[in-house]
Protein chains: 2
Amino acid sequence: MRIKDIIVTPIAISDPPLLNASGLHAPYAIRIITEIISDDGFSGVSEIPCDPTALKILDEVKKIKDQIEPYNFEGFREILRKRFGDKKEERGDQSWDTRSISHVESALEVAIFDLLGKKHKKRVCDLLGGAKREAVPFSGYLFFKYKGAGGELGFDIDENTKGWDKKRQEEALTPEQIVEQAKAMIDEFGFESLKLKAGILEPRLEVDSILALKREFGKNTPLRIDPNAIWSFETALKFGKEMEGVIEYLEDPVRGQEEMARLKKVVNIPFATNMCTTSFEDLNKSMELNSEDIILLDHHFWGGFTPALKMAEMASGLGRGISMHSNSHTGVSMAAMVHFGASIPHLASSLDTHYPWQKDDIIKGEKIKIENGSVKIPIGYGLGVELDKEKLAIAHKNYLKCGITKRNDEVEMQKINPSWKFSKVRY
Amino acid sequence: MRIKDIIVTPIAISDPPLLNASGLHAPYAIRIITEIISDDGFSGVSEIPCDPTALKILDEVKKIKDQIEPYNFEGFREILRKRFGDKKEERGDQSWDTRSISHVESALEVAIFDLLGKKHKKRVCDLLGGAKREAVPFSGYLFFKYKGAGGELGFDIDENTKGWDKKRQEEALTPEQIVEQAKAMIDEFGFESLKLKAGILEPRLEVDSILALKREFGKNTPLRIDPNAIWSFETALKFGKEMEGVIEYLEDPVRGQEEMARLKKVVNIPFATNMCTTSFEDLNKSMELNSEDIILLDHHFWGGFTPALKMAEMASGLGRGISMHSNSHTGVSMAAMVHFGASIPHLASSLDTHYPWQKDDIIKGEKIKIENGSVKIPIGYGLGVELDKEKLAIAHKNYLKCGITKRNDEVEMQKINPSWKFSKVRY
């Protein structure tokens, strides 16, 4: 079997005006959909974040598709590194990861796994050592936000709009509104844990929102807060101490492994990260300093399923908890996350997902169902999802129309507050 | 944590005059013991086959030990490939694997896993995603052989020598002697499956030995035969058909994926290999041709635990059975094989081991116990074994004394039969 074709489609999906340490989500989240077609008629699909560098690399990969052997996962990595240099890519300072080569590795590996699964009538999780669980738990991901649902979906709410459909369009800038958001999200999806994206408003207000959630949902709903490393040590210390015994984990309260480790010594809450320990290269210092308790893996950022799984196996063996990070995504990434989540030997906590915030999708049929806060492994071979070519065409048209080619939450924020600037340490 | 020291010790352990497709085992099997010492006082150990190329590479590795980050498994592989070229190494035509860079990768990775396990108080299998079984089944590995026990152990048998100790020194060149060998081995170790190394004597005699084993041990003892690809297609077809319904699997009856696949179409026995599908590069063609049913992994040859485990996870997902290959080895490799065997998600059959044939060892205390044909995961952290420095010194002295620097079973055979030549296809 050889690769006959690689089809790369940048898409845009509506995304609500969610606030985060980097600013404001644009009305569209942009993603790259990669389809790999084999010469014996099978195909596989994957999704990664979209940016011009990743698109350019994928364009080059198309030219050397004959060199890629679908079963030889190490092979294509070597080809990529050789062709696009093996200089260390930097994750960057933003909430999201900007290592394009790793993203492209993921695009290729996930699509190939999907293809192999479809060809050999196996689920992707069964190519990753077998499912450790048949349903994967997710947390309800709460955001401070402005009014609106993003993209074409920013319609007015009327008396017929109810529940989560209504709530996801509403403003949420106070503890009370966050509690209401959480209620609507739990009603709709049954989440049994909640995560609050922080790092944008005054820490006092953000932490008050956590305390309000605690009062509302009590002891049985684990809570997390993620200021995306925007707090100073002093701020993180003050509010960290305040949240001891209140939250399940504190995610990236401060920037860098040294600061995380220093804070961890004095704040008695598990620390999670998707910012300071994000590759095998970081693990040495992580273990030396003890910079976090939980590593939030992401197959999009770690070069695909197999490097991320290796990290899951090894790091959980070394005593790190393992769970998963998310960005705004469609059902393709959702399916991939569920297969990966099912394959992790020991899961420390429920996974993150932005999926409830995205109404658009590109998969056939309904959106993937979140029930009782969990997603069952999709039925079917490979990832268990199929691209809906009509929806994909619309999402691609939206990409061309929206004019966004690179995520920049600062620019988006400046449309509302022209003097707003991203800062590595804000509070 | 950094690597403070890498100690490389070539050793020789007594090895009986076992016959195989490549000729005759020398009186000593040579191995490399690698110890890695960290700057915080921990150490780890590994074992690989010994040859001058691997020793030379390890010597170079010592010089760049500061570049190796113990938790960054991808990192040291990159360093090795960069420094020692990334040309494709060939497995070679012999029964054993000659890819020195892969062996060195294994030497480093296994020693580092042992070190990390000892430091973090974890078992190696727990760093590999967790034990899927607490005891790992092995098969009794039968050999045609000349009289003698190899090395210093070639003492005369007297009335006090009994059981396996006696039998391992005796000649075995007939079906009857093979049955006696099997009985002694089962009495001592409780093996519940048997493998016969073939490819040296007349196929008729070798297959008669399998039939004799079948008569003796009946239906409940799975039998395997391994002619190490030395049979012609016609010979393999004839004897393959004869062994249908008799054996559990036929290992490398013919040479190369094409011939294996061609034979597999007409012989109704599962085929196993450690010769035709031995790397990720080989998997494409393996799947295309359907060259085998069972892949016999070997962490020594696949670059260490993690690449071999990835193959185990993926290939068993794709429908290949997974088990493990062996060469003459000490308790260090035995411990590593048990941890690896415990980590394989789905084990198709019991693992191979030469361990009963080697009386010498270099680990503290007794040799690792094989009971009821299985080996329990050693108690303790890391690999759960410790080097006995006195025994190691003796084994190193034996290496220097024996003068063997590279395995060559042809030369050894020629000492008995000067006109004997290795042939890629003998019968």
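What to note about this one:
- Cβ-Cβ FRET estimate between residue A:246 and residue A:379, R0 fixed at 35 Å, reported to 0.05: 0.35
- The residues A:84, A:280, sorted by heavy-atom accessible surface at 1.4 Å with ligands and nucleic acids left out, run A:84, A:280 from largest to smallest.
- Taking all Cα-Cα distances within segment A:281-324, those exceeding 14 Å account for 43%.
- Under-5 Å amide H pairs with residue A:94, H placed in peptide plane, nonlocal only: none
- When the alpha-carbon atoms of segment A:139-192 are used, the pair Rg, Dmax equals 10.9, 31 angstrom.
- Look at the alpha carbon pairs under 8 Å that are at least 6 residues apart: their mean separation over the length of segment B:297-425 gives a relative contact order of 20 percent.
- Taking the alpha carbon gyration tensor of segment B:81-150, multiplying each eigenvalue by 5 and rooting it gives semi-axes of 28, 25, 12 Å, largest first.
- 0 to 90° range, to nearest 10: angle between helix B:203-217 axis and chain B longest Cα axis: 90 degrees
- Accessible-area order (highest first, 1.4 angstrom probe) of the listed residues B:66, B:93: B:66, B:93
- Each residue of segment A:68-81 was assigned a 3J(HN,Hα) from its phi angle through the Karplus curve 6.51 cos²θ - 1.76 cosθ + 1.60 (θ = phi - 60°); the sequence is 8, 9, x, 8, 9, 5, 5, x, 6, 5, 4, 4, 4, 5 Hz, with glycine and proline shown as x.
- For residue A:363, the residues whose amide H sits under 5 Å from its own are A:331, A:388, ignoring neighbours fewer than 5 places away on the same chain, with H placed 1.01 Å from N.
- Sequence-ordered 3J(HN,Hα) estimates for segment B:410-427 from the Karplus curve with 6.51, -1.76 and 1.60 and θ = phi - 60° stand at 6, 3, 5, 5, 5, 5, 9, 10, x, 8, 5, 10, 5, 9, 5, 10, 9, 10 Hz, glycine and proline given as x.
- In this simple spin-label model, placing a label point 7 Å from the Cα along the Cα-to-Cβ direction at both residue A:258 and residue B:406 gives a separation of 5.1 nm.
- Distances between placed amide hydrogens fall under 5 Å for residue B:196 paired with B:142, B:224, B:225, B:226, all partners being 5 or more residues away or on another chain.
- Once both labels are positioned 7 Å from their Cα atoms along Cα-to-Cβ, the gap between residue B:389 and residue B:55 label points is 2.3 nm.
- Average partner coverage of B:300-313, which counts Cβ from other chains inside 10 Å: 3
- Spread of Cα-to-Cα distances over 20 Å intervals beginning at zero, given as percent, for the protein assembly as shown: 15, 44, 29, 11, 1
- Between A and B, buried accessible area from a 1.4 angstrom probe totals roughly 3100 Å², ignoring ligands, DNA and RNA.
- Segment B:214-366 - Debye-derived log10 I(q)/I(0), Cα point model, q = 0.08 Å⁻¹: -0.24
- Surface listing: A:28, A:146 arranged by accessible area from highest to lowest gives A:146, A:28, probe 1.4 Å.
- Converting the Cα gyration tensor eigenvalues of segment B:7-72 into ellipsoid dimensions via √(5λ) gives semi-axes, longest first, of 30, 13, 9 Å.
- nm² value of the averaged projected area, convex hull over the Cα atoms of chain A: 19.0 nm²
- Volume per residue that the Cα convex hull of segment A:150-307 spans, once the total is divided by residue count, Å³: 138 Å³
- Here the protein assembly as shown carries DSSP beta bridges of which approximately 55% are antiparallel, counting only pairs with both residues inside.
- Largest-first principal axis extents, alpha carbons of segment A:116-206, Å: 49, 34, 23
- The ellipsoid that matches the Cα gyration tensor of segment A:16-164 has semi-axes, each √(5λ) in whole angstrom, of 33, 22, 15, with the longest given first.
- Residue by residue along B:391-401, Cβ atoms of other protein chains within 10 Å of the local Cβ number 0 on average.
- Residue B:82 contributes about 140 Å² of solvent-accessible surface, heavy atoms of the protein only, 1.4 Å probe.
- Residue with peak Gaussian network fluctuation, chain A [Cα springs, cutoff 10 Å], from A:290, A:72, A:20: A:72
- Counting only heavy atoms of the protein chains and using a 1.4 Å probe, residue B:278 has close to 10 Å² of accessible surface.
- Here the Debye sum runs over all C-alpha atoms of segment A:307-382 as equal scatterers in vacuum, and log10 of I(q)/I(0) at q = 0.18, 0.22, 0.27 Å⁻¹ comes out as -0.75, -1.04, -1.36.
- Sparse-neighbour loop sites [GluC sites (Glu not before Pro); segment B:147-210; at most 15 other C-beta within 10 Å; DSSP]: B:159, B:171
- Using a probe of 1.4 Å on the protein chains alone, the accessible area found for residue A:39 is around 90 Å².
- Label-point gap, in nm, between residue A:420 and residue A:40 - each point 7 angstrom along Cα→Cβ: 5.2 nm
- Karplus (6.51, -1.76, 1.60) ³J(HN,Hα), θ = phi - 60°, over segment B:293-303, in Hz, Gly and Pro reported as x: 9, 10, 9, 8, 6, 7, 4, 5, 9, 9, x
- Kirkwood hydrodynamic radius (C-alpha pairs) into Stokes-Einstein, segment A:216-284, 25 °C and 0.890 mPa s, D in µm²/s: 199 µm²/s
- Percent of Cα-Cα distances greater than 19 Å, calculated over segment A:276-421: 61 percent
- Normalising the average separation of contacting C-alpha pairs (under 8 angstrom, six or more residues apart) by the number of residues puts the relative contact order of chain B at 23 percent.
The values are calculated or read from the model by the stated rules, or taken from the named source; none is laboratory data. Just so it is clear, the model here is predicted, and its values are computed rather than measured. Note that we place each Cβ from the backbone using ideal geometry, even for glycine, and neighbour counts take in every protein chain shown. Note: accessible area is taken over every heavy atom of the protein model, side chains too, but ligands, DNA and RNA are not part of it. Shrake-Rupley method; radii C 1.70, N 1.55, O 1.52, S 1.80 Å.
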